[in-house]
Structure formats: C-alpha cells, structure tokens
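Right, one structure below, let's go through it.
The values are calculated or read from the model by the stated rules, or taken from the named source; none is laboratory data. In this text the structure is predicted, and so the values were computed from the model without any measurement. Reconstructed Cβ throughout: ideal geometry from the backbone, glycine too, with neighbour counts over all protein chains shown. Surface areas here come from the heavy atoms of the whole protein model, side chains and all, with no ligands, DNA or RNA. Shrake-Rupley method; radii C 1.70, N 1.55, O 1.52, S 1.80 Å.
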Amino acid sequence: MQCPDCNGTGKTSLVHLNKGFNEEKGRCDGEWRESIPCMRCHGVGQVPDQMADWIAFGKDYRKRRQLNGETLYQAAKRLKLSVPELSAIENGKVNHALYL
Ligand SMILES: [Zn+2]
C-alpha cells in the first residue's frame, strides 16, 4: 500500500536537522533540509499492506498505555523491550506480533 507518512512520495517535507548547542550563537543550531528519505518506507513510497494493521494496533496500544499513566520507558521495562522497540511498535513501523 502507499506509505501513509509520505503519501507515496518517498520523501518527508522540510525537516530541521538539529546540530546541537552553538556556544557562539547561544542557542541550538541546525539547518533546514529540503527533504530526506521517508523514515517509514525508506524512500520507496510503498509499505507492506499489513502495516495498516500495525499502525492501528500501535495507536490503540499507545492510547491505552497513556490512559494507564504509564510512560514509554516504564512500559518498555515492564515488557522487557527497549524504548526504541516499543516506540517502533506504537508507531506501527514493525509487526507488533513479533514483540508482544
Ligand atoms: Zn514513506
């Protein structure tokens, strides 16, 4: 199916790449990039059809976790997952059935 994040273009819209705190300017520094390859489809514009289910599951999972007052970190620890793993599940970027 068409990637829901980039609508099939394979690219993100304008993004700001943060380069950290700049001592001279006294603020965080960075630069605007026209676009970068989409993080969900890796620039292809298409994702597996099953990803629609992963996205729906992840949204519901995140909602239930937040209603329980549990942070991402707390939930990841309880589930014996890393924070990036649980984040990927909640964002529907991976098949939750392989982790939960
Ligand atoms: Zn995409």
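Being open to solvent by 30 Å² or more (accessible area, probe 1.4 Å) and among the hydrophobic types (A, V, I, L, M, F, W, C) is the filter here, so list the residues in segment 58-80 that pass it.
Answer for segment 58-80, where residues must be open to solvent by 30 Å² or more (accessible area, probe 1.4 Å) and among the hydrophobic types (A, V, I, L, M, F, W, C): L67, L72, L79.
If you scan segment 40-57, which residues turn out to be without any contact (Cβ under 8 Å) to a residue 40 or more places away in the chain, within 16 Å of the ligand (Cβ to nearest atom) and surrounded by 14 or more Cβ atoms within 10 Å (Cβ to Cβ)? Working first, answer last.
Of all residues in segment 40-57, those without any contact (Cβ under 8 Å) to a residue 40 or more places away in the chain come to 41-43, 53, 56-57.
With within 16 Å of the ligand (Cβ to nearest atom) added as a condition, the list becomes 41-43.
Of everything in segment 40-57, those that are without any contact (Cβ under 8 Å) to a residue 40 or more places away in the chain, within 16 Å of the ligand (Cβ to nearest atom) and surrounded by 14 or more Cβ atoms within 10 Å (Cβ to Cβ) turn out to be C41, G43.
Every residue in segment 1-19 that is near the ligand (Cβ under 7 Å from one of its atoms) and touching a helix residue (DSSP H, G or I) at 6+ places or on another chain (Cβ under 9 Å), please.
C3
Filter segment 5-36 down to the residues that are surrounded by 15 or more Cβ atoms within 10 Å (Cβ to Cβ), within 27 Å of A97 (Cβ to Cβ) and of a type outside the set (G, A, S) and list them by number.
Correct list: D5, C6.
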